[in-house]
Amino acid sequence: MTSVLSCTEWWRSAVIYQIYPRSFADSNGDGMGDLLGIRDRLPALTELGVDAIWLSPFYTSPQRDAGYDVADYCDVDPLFGTLDDFDSMTARAHELGLKVIVDLVPNHSSSDHRWFQEALAAAPGSDERARYMFRDGRGENGELPPNNWESVFGGRAWTRVTDPDGTPGQWYLHLFDASQPDFDWNNTWVRRQFEDVLRFWLDRGVDGFRVDVAHGMIKADGLPDWTPPLAGGSMGGAGTLDASASATATDAADAADELAASRAPFWAQDGVHEIYREWRTILNGYEGDRILAAEAWVDPLTDMAKWVRPDEMHQAFNFPYLETPWAAEPLRAVIDASISAFTAVEAPSTWVLSNHDVVRHASRLALTAENPQGHGIGPNSAGLPIPELGLRRARAATALMLALPGSAYLYQGEELGLPEVIDLPDEAREDPTWFRTDGERYGRDGCRVPIPWEADSPAYGFGPSDAAWLPQPSDWAPLARDAQGNDSTSTLSLYRHALALRRAHELGTGELEWLDTGAETVLGLRNGDVLVYANTGDTAVTLPAGEVLLSSGPLGEAQLPADTTVWLRA
Ligand code: GLC
Ligand code: CA
């Protein structure tokens, strides 16, 4: 990429901070974060040094999936405030130089949405039903679901409706909760509605959209039965593939064939791309540099790159990177695979370690048992992490990530080193995964706990009262932002320092070159005038000579300790 492009196309190298509105900051003391709370805390993010914010949904919603069940795409839920509050928050962000990205949830609506309620009231075969995926059941009396698909949250992906006269009727598809009916994206009426939604938010000045389940909107013709090749239940993963498996071109081609053959008929269907080409045209019609970022759990990366071809979306979340363990060899493989796949379509690589759907990386990187994506961890999980080890690895992993060229995503609270909250009381849990699996999967509440701002305030300064929609751990005072601000060894200081250096050394627009470190467990790379060494092993190695710019943890005498990343001046 030339630097001219990088200057105008901010998203190629941006650091984008994910705000989970429920848990960021509460302005009125009801225990639920809100838009005015966000507005008033934005200066902390410019101080941190990020370029943009992405807000998870704050739209009208019965909150059965924390707002990813939208009942009105063009309004704010009273829980979070009003449209005026949104405008005020956006104006403040722009004043501070932060871009604003909102979440768009097009695969499904809430079952409370007027469009779905009208569909329920209308007859089979009607235009209203055609907005969603209604089908007759199988079996003599339609008592069996139309196919065998399972919901990402557990249980079957179909629910049978009761007709207005009280008799059992058709079934509707929901890849997620029963309260999240899937739209039929082959229906042009649905397409037109969403074009209006895009325009509504673009007109209000948003800089882009993070598109939820961007790989799921089109289903294979005939909705064929499908049995996953591997048990596991990833968050809509189109298959799993260890990045390190693509060692040779033949291996990669074989693995890609295998994946294509095993691909679920509801993920990554070719038809979705036409939708993004249409959306891209709409965005291009607006001033400024507005973007589409895909949440597309698609393997391998060469397939995911289709979402970011020049006339489609701008970015796709790099989940293969997120899913890579803390180990030099697979990290190097996934970084190489990412840069080559995205560069081939002229898109930037993105990097991400945490979000509202996964176990926070300060815990995840020290898990010692399998933890399929979306399952979460709780008191009875196997292989629970040692907190100190998790944090050490998380800091080292972040220091590596922020040295890579491309765009990076941060999830609120990771800059404080927050761990996953493991011991939430059962009665506090809200994730539909927990309910749909009868508590077999803990789900994602543990990464969604309201974040701490002030060590000595009620709810750690999350809001003006001691209310918090999920209970905060009693030992979080030292993790509060104000407690970390003046401590040069804190995780917050590490993030601030890394972000400032990343900007000063233009690492986001740089180029990566691998260095030979002579040790299998140590990654070495050069990005411009910065050398980076990451020791993923469990013993210290000799630290190459040079001026230390950043270190994720204390260094020994000429030693790079285990689970530590260092940046040196080249
Ligand atoms: C995406 C969201 C997740 C949500 C799901 C259904 O994966 O990130 O939080 O539950 O879509 O909308
Ligand atoms: Ca509130």
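The values are calculated or read from the model by the stated rules, or taken from the named source; none is laboratory data. Predicted model only: the values in this text are computed from it and were never measured. Cβ coordinates were reconstructed from backbone atoms using ideal geometry, including for glycine residues, and neighbour counts include every protein chain displayed.
Looking only at the stretch 16-44, count every residue that is of a type in the set (A, V, I, L, M) and surrounded by fewer than 23 Cβ atoms within 10 Å (Cβ to Cβ) and tell me the total. Steps first, please.
The first filter runs over the stretch 16-44 and keeps only residues of a type in the set (A, V, I, L, M), leaving 16, 19, 25, 32, 35-36, 38, 42, 44.
From what's left, surrounded by fewer than 23 Cβ atoms within 10 Å (Cβ to Cβ): 32, 36, 42, 44.
Residues meeting the conditions: 4.
Selection of the stretch 29-49 for residues being free of Cβ contacts under 8 Å to residues at least 60 places away in the same chain and either more than 8 Å from ligand 2 (Cβ to nearest atom) or assigned to a helix (DSSP H, G or I) (or both) yields Leu35, Leu36, Ile38, Arg39, Asp40, Leu42, Pro43, Leu45, Thr46. For the stretch 504-524, indicate whether the set of residues that are farther than 25 Å from Asp336 by Cβ and either modelled with pLDDT under 95 or part of a helix (DSSP H, G or I) (or both) is non-empty. Yes, the stretch 504-524 contains at least one residue that is farther than 25 Å from Asp336 by Cβ and either modelled with pLDDT under 95 or part of a helix (DSSP H, G or I) (or both).
Residues satisfying the criterion are present in the stretch 481-494 (criterion: over 27 Å from the mean Cα position of the chain (by Cα) and crowded, with 16+ Cβ neighbours inside 10 Å). Scan the stretch 295-313 for residues that are in contact with a Phe, Trp or Tyr (Cβ under 6 Å, 6 or more places away or on another chain) and within 12 Å of Thr343 (Cα to Cα) and the total you get is 1.
Cβ-Cβ contacts under 9 Å between residues 6 or more apart (or on different chains), taken from a first residue in the stretch 361-381 that is hydroxyl-bearing (Ser, Thr, Tyr) to a second residue that is outside any loop (DSSP other than H, G, I, E, B), are listed as Ser363/Pro387; Ser363/Gly390; Ser363/Leu391; Ser363/Ala394; Ser363/Gly446; Ser363/Cys447. Inspection of the stretch 494-507 identifies at least one residue that is of a type in the set (D, E, K, R), farther than 30 Å from Asn380 by Cβ and in contact with a strand residue (DSSP E or B) (Cβ under 8 Å, 6 or more places away or on another chain). Of the residues making up the stretch 132-158, those that are in a strand (DSSP E or B) and within 16 Å of ligand 1 (Cβ to nearest atom) are Tyr132, Glu150.
Counting only residues that are touching a helix residue (DSSP H, G or I) at 6+ places or on another chain (Cβ under 6 Å) and within 7 Å of ligand 2 (Cβ to nearest atom), the stretch 16-28 holds 2 of them. Could you tell me whether any residue of the stretch 290-298 is within 30 Å of Asp426 (Cα to Cα), within 16 Å of ligand 1 (Cβ to nearest atom), among the hydrophobic types (A, V, I, L, M, F, W, C) and crowded, with 21+ Cβ neighbours inside 10 Å? Yes, the stretch 290-298 contains a residue that is within 30 Å of Asp426 (Cα to Cα), within 16 Å of ligand 1 (Cβ to nearest atom), among the hydrophobic types (A, V, I, L, M, F, W, C) and crowded, with 21+ Cβ neighbours inside 10 Å. Considering (1) without any contact (Cβ under 8 Å) to a residue 60 or more places away in the chain; (2) farther than 28 Å from Glu287 by Cα; (3) more than 16 Å from ligand 1 (Cβ to nearest atom); (4) surrounded by 24 or more Cβ atoms within 10 Å (Cβ to Cβ), the lone condition that Leu79 does not fulfil carries the number (4). Within the stretch 50-66, if we keep just the residues that are surrounded by fewer than 23 Cβ atoms within 10 Å (Cβ to Cβ) and among the polar types (S, T, N, Q), the residue that is farthest from ligand 2 (Cβ to nearest atom) turns out to be Thr60.
Let's see how each residue does on (1) at pLDDT 95 or above; (2) within 14 Å of Thr90 (Cα to Cα); (3) over 20 Å from the mean Cα position of the chain (by Cα):
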residue: Ile16; (1), (2), (3): yes, no, no
residue: Ile19; (1), (2), (3): yes, yes, no
residue: Ala25; (1), (2), (3): yes, no, no
residue: Gly31; (1), (2), (3): yes, no, yes
residue: Gly37; (1), (2), (3): yes, yes, yes
